[in-house]
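See below for the structure under consideration.
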Amino acid sequence: MQSYRRGNINLDTGLHYLGGLEKGGILYSRFLNLGLTTLPWKRMDLDAFEEIHTPKGLYNWPQGIDRFINAMLQYFPHQREGLEKYCQLLKCTDEEWMQKTNAWDYLNSIITDSELIEVLSAPAMCKMELRRQSLPLFTFVHGTAAFIESSWRLDGAGNILVECLMRQIKQLGGQLYANKEVYKLFEADGKIISAICKDGTEFDADIFISDAHPATTLHLIEDSKVIKKIFRRRMVTQENTAGMFTLHLQVKPNAIKYFNRNILVTGTNSVWDNAIDENHVVKGIMISCPLADVINGYATCIDILTPMSWDAVKKWEDSRVFHRPDGYKEMKDSVARQCIGMAASVFPELEESIECMYSSTPLTYRDYNAIPRGSAFGYRKDYQNPLMTIVSARTPVRNLLLTGQSLMLHGLHGVTMTAEYTLKSMGEN
Ligand SMILES: Cc1cc2nc3c(=O)[nH]c(=O)nc-3n(C[C@H](O)[C@H](O)[C@H](O)COP(=O)(O)OP(=O)(O)OC[C@H]3O[C@@H](n4cnc5c(N)ncnc54)[C@H](O)[C@@H]3O)c2cc1C
């Protein structure tokens, strides 16, 4: 949720839009409890919050599940039976069944038109890892249905959400510390006694909850007496989802009108398994316009996202922020140019409107968030592996709990639900 400033603009790292914030929606009561509904949320275009450009056509997604299905029926009238089943799926609450079902296989079992599968999946391209072999239907539906119900943007930088949460923690008597990197969790008698930070400060507590990636957390207790090798191996070697290439374009004043929707552009490759690999070819992009710095209805910043695997950056893995080799910078530039080229099919004026650009890769996310291989969404969930579809919040260390996207679900909606799950596990301790 962090945002940062470059020059005059705010850049958001991982908050572009949210789903399910309408009254009665999946996030509404949770955000109400957290005091977050008072923030300036702006609903995205009701008739087209996702605009999808494929080589075969242009498709708009309206908000509301029934309206959405009706729109898809207009584009694909011959797929009525499949779309009716898809409608039931979006409203389905049988989570156990969905956890054990492969998303790609399921979509193909109800829908026979491959273009429709592309259209139904395209917005998920930058919201989850669309991996044919493993993605559980549960993850697909959770990352799709709430956004179709209603989609929202924050009218401001992501930091206002962070600041709002900070205020509440302080009001409840909590204290917050920034720039404290924990490098060791000190364990004695099967419990964590203290968290020791790199700057030498030490924090004692009865209960420790770690939001860092589980593998990162386990590295902080290498000498644990209670964590068995088998548990550590499972948590450390578990595969992670691919990362993301993000491109922030600062654009000239009055050049590009603000658009209150996401624009997806796909090429001839499927949106499934389309992460950029070692060949550095961009296969599909999401274009988003943050509301934070809109002036007189015109954008000051345009974000472009595309999935990127670790293989794309592996050869520079020994480099660190501010000390990247030229080859890495050239790769970033080439990927950025391809993204801009793809976006030009929708915004022909984009290239000449760019003032400057900033980009990040899985290496950036690895170095700033301490997430293995710069994964965008943490552990890769696999419909065939129930142990890893929902990871326990409890650890062999009795007062150490886990939370965050790797446990159950990712995205702001996912981590909020995961926090509740951790809280429940704490009660069981
Ligand atoms: C490019 C991109 C765009 C996205 N867009 C959206 C979106 O539009 N909407 C949406 O809902 N979701 C979006 N997401 C997903 C969402 O950002 C994540 O699912 C969510 O932020 C994960 O939260 P988390 O708390 O699990 O992990 P993180 O946000 O990664 O938090 C973990 C924190 O732990 C800290 N940490 C790690 N190790 C240590 C240590 N040793 N000591 C102290 N601190 C430590 C890290 O610095 C980090 O701040 C996006 C993700 C990406 C990558």
Number of positions in the stretch 185-205 that are within 13 Å of the ligand (Cβ to nearest atom) and part of a loop (DSSP other than H, G, I, E, B): 3
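Criterion first (open to solvent by 20 Å² or more (accessible area, probe 1.4 Å) and over 25 Å from Ser359 (Cβ atoms)) does Arg234 satisfy it? Steps first, answer last, please.
On the way: open to solvent by 20 Å² or more (accessible area, probe 1.4 Å): yes; over 25 Å from Ser359 (Cβ atoms): yes.
For Arg234, the condition - open to solvent by 20 Å² or more (accessible area, probe 1.4 Å) and over 25 Å from Ser359 (Cβ atoms) - is met.
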Considering residues of the stretch 206-227 that are open to solvent by 70 Å² or more (accessible area, probe 1.4 Å) and touching a Ser or Thr at 6+ places or on another chain (Cβ under 9 Å) only, the residue farthest from the ligand (Cβ to nearest atom): Ile209
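Filter the stretch 371-389 down to the residues that are crowded, with 17+ Cβ neighbours inside 10 Å and of a type in the set (A, V, I, L, M), then identify the one that is modelled with the lowest pLDDT.
Initial filter on the stretch 371-389 (crowded, with 17+ Cβ neighbours inside 10 Å): 371-383, 388-389.
Those left that are additionally of a type in the set (A, V, I, L, M): 371, 376, 388.
Working: Ile371: 95, Ala376: 97, Met388: 78.
Across the stretch 371-389, the extreme among qualifying residues is Met388.
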Tabulated pairs, the stretch 285-308, first more than 19 Å from Ser334 (Cβ to Cβ), second among the basic types (Lys, Arg) and within 12 Å of the ligand (Cβ to nearest atom), C-beta under 6 angstrom, 6+ apart or interchain: Leu291/Arg153
Unmet criterion (only one of (1) out of contact with any helix residue (DSSP H, G or I) (no Cβ under 7 Å at 6 or more places or on another chain); (2) surrounded by 12 or more Cβ atoms within 10 Å (Cβ to Cβ)) for Asp318: (2)
Matching residues, the stretch 395-421, being crowded, with 22+ Cβ neighbours inside 10 Å and among the hydroxyl-bearing types (Ser, Thr, Tyr): Thr395, Thr403, Ser406, Thr418
Those residues of the stretch 114-165 which are among the β-branched types (Val, Ile, Thr) and not in a loop (DSSP other than H, G, I, E, B), in sequence order: Ile117, Val119, Thr139, Val141, Ile148, Ile160, Val162
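Table: residues versus (1) open to solvent by 40 Å² or more (accessible area, probe 1.4 Å); (2) among the small types (Gly, Ala, Ser); (3) in contact (Cβ under 8 Å) with a residue 60 or more places away in the chain.
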position: Lys56; (1), (2), (3): yes, no, no
position: Asp66; (1), (2), (3): yes, no, no
position: Glu84; (1), (2), (3): yes, no, no
position: Met98; (1), (2), (3): no, no, no
position: Trp104; (1), (2), (3): yes, no, yes
position: Thr144; (1), (2), (3): no, no, no
Ala255 more than 15 Å from the ligand (Cβ to nearest atom) and small (Gly, Ala, Ser): yes
Index of the failed condition, Ser392 passing every other in (1) open to solvent by 10 Å² or more (accessible area, probe 1.4 Å); (2) hydroxyl-bearing (Ser, Thr, Tyr); (3) in contact with a Lys or Arg (Cβ under 7 Å, 6 or more places away or on another chain): (3)
Selection within the stretch 2-25 - open to solvent by less than 30 Å² (accessible area, probe 1.4 Å) and acidic (Asp, Glu): Asp12
Odd one out for Thr416, checked against (1) hydroxyl-bearing (Ser, Thr, Tyr); (2) modelled with pLDDT of 95 or more; (3) within 21 Å of the chain's Cα centre (by Cα): (2)
Contacts under 9 angstrom Cβ, first residue in the stretch 330-355 being assigned by TED's automatic domain parsing to the domain that holds Asp303, partner among the small types (Gly, Ala, Ser) and open to solvent by 50 Å² or more (accessible area, probe 1.4 Å), 6 or more apart: Glu355/Gly7
Subset tally (residues that are under 17 Å from the mean Cα position of the chain (by Cα) and surrounded by 19 or more Cβ atoms within 10 Å (Cβ to Cβ)) for the stretch 237-260: 9
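The values are calculated or read from the model by the stated rules, or taken from the named source; none is laboratory data. The structure displayed is predicted, hence computed values, not measured ones. Every residue, glycine as well, gets a Cβ built from its backbone with ideal geometry; the counts of neighbours run over all protein chains shown. Just so you know, the surface numbers come from the protein's heavy atoms only, side chains and all, with ligands and any DNA or RNA stripped out. Shrake-Rupley method; radii C 1.70, N 1.55, O 1.52, S 1.80 Å.
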